[in-house]
Amino acid sequence: MKFSVITLFPEMVEVPLSASMVGRAREKGIVQLELLSLRDFCEGKHRVADDAPFGGGGGMVLKAEPIVKAVKMAKMGQPDAKVIFLGPQGRTLDHTMVMGLLKESGFILICGHYEGVDQRALDSVVDEEISIGDYVLSGGEYAACVFVDALTRQLPGVLGDEDSAKHDSFYDGLLDFPHYTRPAEGAEGKVPEVLMSGNHEEVAKWRRQQALLATLKKRPDLIEKAELSNEEKAYIQQQRGQL
Ligand code: ADE
């Protein structure tokens, strides 16, 4: 999967996406990252990317032309890519959306900055606007990193079997169960006995119950939508009474 990121600040994207899981996925060739510096598509001696808004008001607006030119350039390398503008007015990214987007071969991600982007750029080249949450960032760069990370970890061969994304929170509509490692007993307390029993069936049962409990306590809205067996529904009812 290829990600082309159009930004005024390439280093804000390059550095985080060179480390850890995404860095390894790039080394393995599972994902490709291309950075297009918006400045390279700006005209004039000073390569100015922004200008004052028509109609007045504060802040500066990113010009349409450099963005459109950068998208055209990125499209040469991946004509079928989906063009996404990262901005707070978009559809909020969640697990279901991430899984749906995996069918795409690649993405061209546009990072906005300043007060906004000339609407004509959005109208002419963008397929979809995506937000990473209901708050405003000073630019789309961190959102682009979040987007690339969330998709990359779902691609085959990126995570090992042991830490497969199947165990992630949200994978089955529930939050993740709690994790423990050595020492079995320390100043911070003891590890639950069942995890050291060697009984895989009991461990799996305990983990499922803990995932149900964590979801009920922290995100009760998710419980309503999760697919649960009748036994699990009864367990939830019983636990609700005790909360
Ligand atoms: N750019 C500014 N705020 C944003 C947000 N919430 N999500 C994605 N991109 C953004």
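Details
- Sequence-distant lysines (8 or more away, or on other chains) whose Cα lies within less than 25 Å of Lys45: Lys63, Lys69, Lys72
- Convex hull of alpha carbon positions in the chain: directionally averaged projected area 18.2 nm².
- Loop-located chymotrypsin sites (Phe, Trp or Tyr not before Pro) in region 98-138, at most 15 other Cβ atoms within 10 Å (DSSP): Tyr135
- At full extension, Asp221 and Asn199 could sit 4.7 nm farther apart than now, given 0.36 nm per residue minus the alpha carbon distance.
- Annotation for region 1-61: GluC sites (Glu not before Pro) lying in DSSP loop with at most 15 further Cβ atoms inside 10 Å of their Cβ are Glu43.
- For Gly112, distant residues with modelled amide H under 5 Å away: Leu86, Gly140
- Shown for the chain: the carbon plus sulfur share of the solvent-accessible area, taken with all protein chains present and a 1.4 angstrom probe, equals 51%.
- Heavy atoms of Arg208: accessible area, 1.4 Å probe, square angstrom to 10: 70 Å²
- Restraint check, Lys75/Lys103; Lys190/Lys233; Lys190/Lys225; Lys103/Lys218; Lys28/Lys103, Cα-Cα greater than 23 Å: Lys190/Lys233; Lys190/Lys225; Lys103/Lys218
- Extension gain, Met76 back to Asp149 (0.36 nm per residue minus Cα-Cα distance, nm): 23.9 nm
- Near the amide H of Ser4, within less than 5 Å, lie the amide hydrogens of Glu34, Phe107, Ile108, Leu109, all on another chain or at least 5 residues away, with H placed in the peptide plane.
- The trypsin sites (Lys or Arg not before Pro) of region 125-205 include none that meets both criteria, a DSSP state outside H, G, I, E and B (loop) and at most 13 other C-beta atoms within 10 angstrom of the site's C-beta.
- R0 of 45 Å, Cβ-Cβ distance Phe9-Glu188: FRET efficiency to nearest 0.05: 0.65
- For Leu175, the residues whose modelled amide H falls within less than 5 Å of its own, excluding neighbours fewer than 5 places apart on the same chain, are Phe170, Thr215.
The values are calculated or read from the model by the stated rules, or taken from the named source; none is laboratory data. None of these values were measured; they are calculated from a predicted model. Glycine also receives a Cβ, built like all others from the backbone with ideal geometry; neighbour counts cover every protein chain displayed. Please note that ligands, DNA and RNA were not included when accessible areas were found on the heavy atoms of the full protein model with its side chains. Shrake-Rupley method; radii C 1.70, N 1.55, O 1.52, S 1.80 Å.
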